[in-house]
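> One structure, pasted below without further comment.
The values are calculated or read from the model by the stated rules, or taken from the named source; none is laboratory data. All of these numbers come straight from a predicted model, not from anything done at the bench. Here the Cβ positions follow ideal geometry from the backbone for every residue, glycine too, while neighbour counts run over all protein chains shown. The area values use the complete protein model at the heavy-atom level, side chains included, leaving out ligands, DNA and RNA. Shrake-Rupley method; radii C 1.70, N 1.55, O 1.52, S 1.80 Å.
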Amino acid sequence: MTEVLIDNHIDVAKVRSDFPIFANNPGLHYLDSGASSQRPSMVLEAMENYYRFHHANVHRGVYRLAEEATELYESARERIGRFIGATHPGRETIFSKNSTEALNLVANSLGRGFLRQGDKVVITKMEHHANIVPWQMLAQYIGIQVEFIDVDDEGELIIDDLERIVDGAKVVSLTLTSNVLGTVTPFTGIAQVAKAAGAIVVGDASQFVPHRQIDVKSIGADLIAFTGHKMFGPTGIGVLWGRSELLDQMPPFLGGGDMISDVRLDGFVANELPYKFEAGTPPIAEAIGLGAAVDYMNSIGMDAIESHDREISRLAYEKVKGAFGDEIKIFGPSDPSKRSGCLSFELEGVHPHDVAQVLDQNLVNVRAGHHCAKPLMRHLGVAATARASFHIYNDEADVDALVDALKETRNFFI
Amino acid sequence: MQGLEDLYREIILDHYKNPRNSGTLEVPPAHQADGYNPLCGDEISIYVNYDGERITDIKNSGQGCSISRSSASLMTNAVKGKTIAEARETIKTFKRLLLLDEEGEKSEPVEIDLRKLGELAALQGVSKFPARIKCATLAWNTFTQIVDELDLQIDGAND
Ligand SMILES: Cc1ncc(COP(=O)(O)O)c(C=O)c1O
C-alpha cells in the first residue's frame with residue numbers, strides 16, 4: 001500500500017492504485033459504493049494468503065494449520081471490534097453474513113427471549129428493508145406492534161414528539177445513515193430518549209461505518225449491525241456488535257455446530273460469546289478479508305475518510321444542484337453538511353432507469369431503483385430514484401462526469 | 001458496447017412521450033390485471049374489453065421507465081382488435097424478438113419477419129440490454145394474465 005494522504009487529505013489517485021478494479025476498467029466512474037464498495041488489493045491478498053497457506057476449519061483442530069486459521073479468524077475479530085470501539089472486542093463482535101442477517105439475528109433473538117404479543121417496536125420510515133421486514137415478521141408471528149418515526153421534507157427524522165413515540169417501546173431500531181437520503185440521523189440523542197423509556201436500542205450502521213468513526217461504547221446503542229462489502233471487505237461477512245451483558249441474556253438465533261457447549265438428547269447448552277451466535281463453519285476467509293479492510297481504513301485514518309466523505313457529499317450536492325436547479329429534485333437534507341455517502345435524485349421527465357442507462361454509456365455507474373426502502377419511496381411519492389454514492393476513490397472528476405452525463409441524459413430525453 | 005440508439009429507437013421515445021391507449025376502462029365489463037416489477041418499482045394496470053371474439057378496447061396505466069412505458073403503449077396498439085389466438089401469437093413473437101421462449105426464459109434466436117411486426121420491431125434492441133428485458137416484458141406478462149383468464153372463460157363456455 002502507498003502513502004495516501006497529502007496534508008491530511010486523501011490522495012485519490014493513490015487510493016485508486018490500491019483498488020485493482022480501476023486499472024482493470026479504465027475510465028470507470030464508480031458511483032455505487034452505497035450498494036457495495038470496491039476492494040483494495042490488501043483485502044484480496046489477505047484472503048488469498050489464508051486459502052493458500054493457512055486454511056483449515058476453525059476452533060476444532062489441534063494441528064498447526066487449524067490453529068493458524070483460528071488465530072487469523074480471531075485476530076480479525078479483535079481488530080474489527082477495536083475498530084468500532086468495543087469494550088470486549090473478542091466477545092462482543094459477532095460475525096454474520098451481512099447486515100441483513102445481523103438484524104434478523106437481533107429480531108429473532110429478541111423475539112424469542114424478550115418480546116411478547118402487543119409489545120411495541122419503533123423503527124423509522126427511512127429504514128432499509130433489512131431493518132423493517134424482520135420486525136414485520138415478528139408482528140406476524142408473535143403479534144408485536146411496529147411503529148414508525150416519520151420523516152420530514154428535508155429527509156430528517158421528526159423527533160419533536162419522540163418521548164411519546166418511544167413511550168413503552170421494548171425496542172427502538174434505526175439507521176445511523178439513510179442509504180437513500182444520505183441523512184445522518186441524530187442517533188445518540190434518540191438512543192438516550194429510547195433508553196430512558198426502557199427500550200433496547202439497535203443501530204443499523206451499514207452506511208455509517210464505511211464513512212465515519214463509530215464508537216459503540218458511547219453512541220448509546222445496545223446492538224449495532226454493519227456489513228463488510230460496503231467498507232472494502234468481501235461479500236458474505238457482516239458484524240453484529242452488542243453489549244456483552246445484553247448478548248449474554250439473548251437466546252441464540254441459528255442452532256448447530258460451534259454455538260453449543262453441550263448437546264444431549266434432551267437439549268443443549270449454548271456456547272459462550274461470541275460463538276453462541278455463530279452456528280456452523282463461519283465465513284473464515286471473509287472475516288479475515290474484513291479484518292484487512294479495517295486495517296486499510298485505519299491506515300488511511302477515519303478522520304481523513306470522514307473529511308473526504310463530507311467534502312465529496314457537499315461537492316456532489318452543489319455541482320448537481322448548480323447545473324440543473326429546479327430541473328432536478330435532490331432527496332434528503334439541503335444542508336450538505338448533514339449528508340453522507342450518497343446523492344439520490346430525480347431528473348425531471350426522465351425515469352431513473354433511463355438515467356442510469358445513459359450514465360452507463362458514459363462509464364458512470366449509479367443505481368436506479370427503490371434501494372430496498374420501499375416505505376421511504378412511497379413516503380417520497382416516487383417509485384424509484386437514481387442514486388450516486390461515493391467513497392474514498394471518488395473525486396471531483398467523478399462528480400463532473402456525473403454532471404456531464406446527466407446533461408447528456410436530459411438532452412437525449414427532453 | 002451497444003449504442004444507446006439500439007435501445008432508445010425513435011419509435012420507443014415517441015411512444016414514451018406520446019403514450020397510446022393510456023388510461024383505464026370500467027371494470028366490469030372490462031378485465032383488469034396488475035403487474036409490477038419488484039426490482040425497480042414499476043407498476044402497470046392493463047384493462048381489456050372483450051366482446052367474445054375480439055379485443056375491442058385496451059388501455060394501460062402505470063409508471064415506469066421509457067422502455068416499460070413504451071412497450072406497454074406498443075403492445076396495446078399491437079393487440080387491439082385481435083382475437084385471443086392472434087394476441088397469443090403476437091405475445092409469442094414479441095418474446096422471440098427479445099430472445100425469450102414462451103416461458104420467458106432465454107432462448108436461441110428464431111427467424112422473425114420484422115416487417116410483419118411493424119412498430120414492435122423497435123423493441124428488438126432491448127435484447128442486448130439484459131437488465132432492461134424485465135422492463136420491456138412487464139406489460140406483456142400482465143396482459144398475458146388477462147389472455148389466460150379469457151381463455152379459461154372460453155374453455156368454460158365450450159364445456
Ligand atoms: C442502511 C442499510 N441497511 C442494511 C443494508 C443491507 O446490507 P446487506 O445487504 O449487506 O445485508 C444496506 C445495504 O444495502 C443498507 O444500506
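> For B:R115, A:R164, A:R16, A:R77, give me the order by solvent-accessible area with a 1.4 Å probe, most accessible first, ignoring ligands, DNA and RNA. Please report the intermediate quantities before stating the final value.
On the way: B:R115 205, A:R164 145, A:R16 55, A:R77 0 Å².
Largest accessible area first, the residues go B:R115, A:R164, A:R16, A:R77.
> Which helices of chain A meet both criteria: a Cα extent of 18 Å or more along the helical axis and a mean Kyte-Doolittle score no lower than 0.5, with helices taken as whole DSSP H segments? Walk me through the numbers before you get to the answer.
Details: long enough: A:64-83 (28 Å, -0.92); A:99-113 (21 Å, 0.07); A:284-300 (25 Å, 1.01); A:302-324 (33 Å, -0.60); A:396-413 (26 Å, -0.17).
Result, helices passing both filters: A:284-300.
> So, one more: I'd like the distance between the alpha-carbon centres of the stretch A:351-402 and the stretch A:279-299, rounded to an integer number of Å.
Using only Cα atoms to place each centre, the spacing works out to 29 Å.
> Hey, for a label at B:L152 modelled as a point 7 Å past Cα toward Cβ, could you say which residues of the stretch B:42-69 have their backbone N under 12 Å away?
none
> Cut-off under 18 Å on the C-alpha distance; same-chain residues fewer than 8 positions from A:K97 excluded. Which aspartates and glutamates are left, in chain and number order?
Leaving aside aspartates and glutamates fewer than 8 places away in the same chain, those within reach of A:K97 are A:E74, A:E78, A:D204, A:D258, A:E278, A:E286.
> Relative contact order of the stretch B:2-158, please, whole-number percent, based on alpha carbon pairs below 8 angstrom and at least 6 residues apart.
Details: 247 pairs, mean separation 41.4, N = 157.
For the stretch B:2-158, the relative contact order is 26 percent.
> Sticking with this structure for a sec: Can you pull the percent of the stretch A:265-404's accessible area that's carbon plus sulfur, 1.4 Å probe, other chains left in place?
Numbers: 2240 of 4730 Å².
Solvent-exposed carbon and sulfur of the stretch A:265-404 make up 47 percent of the total.
> Also: Could you work out the local net charge near A:V366, counting Lys and Arg as +1, Asp and Glu as -1, over the other residues with Cβ closer than 13 Å to its Cβ? Walk me through the numbers before you get to the answer.
Working: positive: A:R367, A:R387; negative: A:D32, A:E346, A:D354, A:D360, A:D398.
With Lys, Arg at +1 and Asp, Glu at -1, the net is -3.
> Counting only protein heavy atoms and rolling a 1.4 Å probe, how much accessible area do A and B lose on contact, total for both sides, in Å² to 100? Could the numbers behind the result be given before it?
On the way: alone 16910 and 8670 Å², together 24030 Å².
Summing both chains' loss of accessible area gives about 1600 Å².
> Further, regarding this structure: Give me the net charge of A:G238's neighbourhood, meaning all other residues with Cβ under 15 Å from the Cβ of A:G238; Lys, Arg count +1, Asp, Glu -1. Provide the component values of the computation, followed by the final result.
Details: positive: A:R77, A:K97, A:K230; negative: A:E92, A:E101, A:D204, A:E278, A:E286.
That sum, taken over residues with Cβ under 15 Å, equals -2.
> May I ask you to derive the relative contact order of chain A, considering only C-alpha pairs under 8 Å and at least 6 residues apart, and to give it as an integer percent?
On the way: 841 pairs, mean separation 90.2, N = 414.
Rounded, it is 22 percent for chain A.
> Accessible area per residue for the stretch A:1-88 in Å², computed with a 1.4 Å probe and the full protein assembly in place, what is it? Write down the numbers at each step before the final one.
Values: 4670 Å² over 88 residues.
Accessible area per residue, the stretch A:1-88: 53 Å².
> How far is the Cα center of the stretch A:5-37 from the Cα center of the stretch A:157-234, in Å?
Here the answer is 28 Å between Cα centres.
> Can I ask one more? Quick one: pull the percentage of alpha-carbon pairs in chain B with a separation above 27 Å. Don't skip to the answer; put the middle values down first.
On the way: 2377 of 12561 pairs.
In whole percent, the long-distance tail amounts to 19.
> Additional query: Net charge near A:V166, counting Lys/Arg +1 and Asp/Glu -1 over other residues with Cβ under 11 Å of its Cβ? Intermediate values should be presented prior to the final figure.
Working: positive: A:K120, A:R164, A:K170, A:K195; negative: A:E147, A:D161, A:E163, A:D167.
Overall, the nearby charge balance is 0.
> Total Lys pairs in the stretch B:54-159 closer than 20 Å by alpha-carbon, pairs eight or more apart in sequence or interchain only?
18
> Of A:A316, A:A196, A:A139, which is the most mobile in a GNM of chain A whose springs link Cα atoms less than 10 angstrom apart?
Highest fluctuation among the options: A:A196.
> With a 1.4 Å probe and every protein chain left in place, work out the accessible area per residue of the stretch B:2-158 in Å², rounded to a whole number. Before the final figure, lay out the partial values.
Working: 7600 Å² over 157 residues.
Accessible area per residue: 48 Å².
> Now for a different question. Among the residues of the stretch B:51-70, which ones have their accessible area go down by 30 Å² or more when all the protein chains sit together, as opposed to their chain alone (1.4 Å probe)?
Buried by 30 Å² or more upon assembly, which counts only protein chains, are B:C65.
> Something else about it: For the pair A:R82 and A:Q249, what calculated FRET efficiency results from E = 1/(1 + (r/R0)^6), where r is the Cβ-Cβ distance and R0 = 25 Å, to the nearest 0.05?
On the way: r = 24 Å, r/R0 = 0.97.
My answer for the efficiency is 0.55.
> If you roll a 1.4 Å probe over the stretch B:38-107 with all protein chains in place, what percent of the accessible area is carbon or sulfur?
Working: 1230 of 2780 Å².
Answer for the stretch B:38-107 is 44 percent, counting heavy atoms of protein chains only.
> Related question: Taking springs between alpha-carbon atoms closer than 10 angstrom, which of A:D150, A:D258, A:D161 fluctuates most in the Gaussian network model of chain A?
A:D161
> Looking only at other chains, what is the average number of their beta-carbon atoms within 10 angstrom of each beta-carbon in A:352-365?
Numbers: counts 3, 13, 13, 1, 3, 10, 3, 0, 4, 5, 1, 1, 0, 0.
Partner-chain Cβ atoms within 10 Å, mean over residues of A:352-365: 4.
> For the stretch A:333-397, take N as its residue count and report Rg(C-alpha) divided by 2.2 N^0.38 Å.
Values: Rg = 12.5 Å, N = 65, 2.2 N^0.38 = 10.7 Å.
Cα-based Rg divided by the globular estimate yields 1.16.
> Which of the lysines could a cross-linker span from A:K120 if the Cα-Cα distance has to be under 24 Å and same-chain partners fewer than 8 positions apart are dropped?
Excluding near neighbours in sequence, the set is A:K170, A:K195, A:K374.
> For every helix of n ≥ 4 consecutive DSSP H residues, a contribution of -39,500 (n - 2.57) applies; sum these over chain B, divide by its total residues, and give [θ] at 222 nm rounded to the nearest 500 deg cm²/dmol.
Values: 6 runs with 70 residues, N = 159.
Here the helix-only value at 222 nm equals -13500 deg cm²/dmol.
> Sticking with this structure for a sec: Take every Cα-Cα distance within the protein assembly as shown, group them into 10 Å bins from 0 onward, and report for each bin the whole-number percent of pairs it holds.
It works out to 3, 16, 22, 22, 19, 12, 5, 0, 0, in whole percents.
> What residue among A:I219, A:I237, A:I392 has the largest mean-square fluctuation in a Gaussian network model of chain A, using Cα springs under 10 Å?
A:I219
> Return the loop-located GluC sites (Glu not before Pro) in the stretch B:7-44 (DSSP other than H, G, I, E, B) with at most 16 other Cβ atoms within 10 Å of their own Cβ; answer none if there are none.
Numbers: sites: B:E10, B:E26, B:E43; in loops: B:E26.
For GluC sites (Glu not before Pro) across the stretch B:7-44 that sit outside H, G, I, E and B with at most 16 neighbouring Cβ atoms in 10 Å, the list reads B:E26.
> So, one more: How much FRET efficiency would the formula 1/(1 + (r/R0)^6) give for A:E318 and A:N411, where r is the Cβ-Cβ distance and R0 is 22 Å, rounded to 0.05?
Numbers: r = 22 Å, r/R0 = 1.00.
Efficiency at R0 = 22 Å is approximately 0.50.
> Give the whole-number value, in cubic angstrom per residue, of the convex hull volume spanned by the C-alpha atoms of the stretch A:140-299.
Values: hull volume 23.9 nm³, N = 160.
So the per-residue hull volume is 149 Å³.
> Further question: Along each of its three principal axes, how wide is the spread of alpha-carbon positions in the stretch A:365-414, in whole angstrom units, largest first?
For the stretch A:365-414, the Cα extents along the three principal axes come out at 34, 33, 14 Å.
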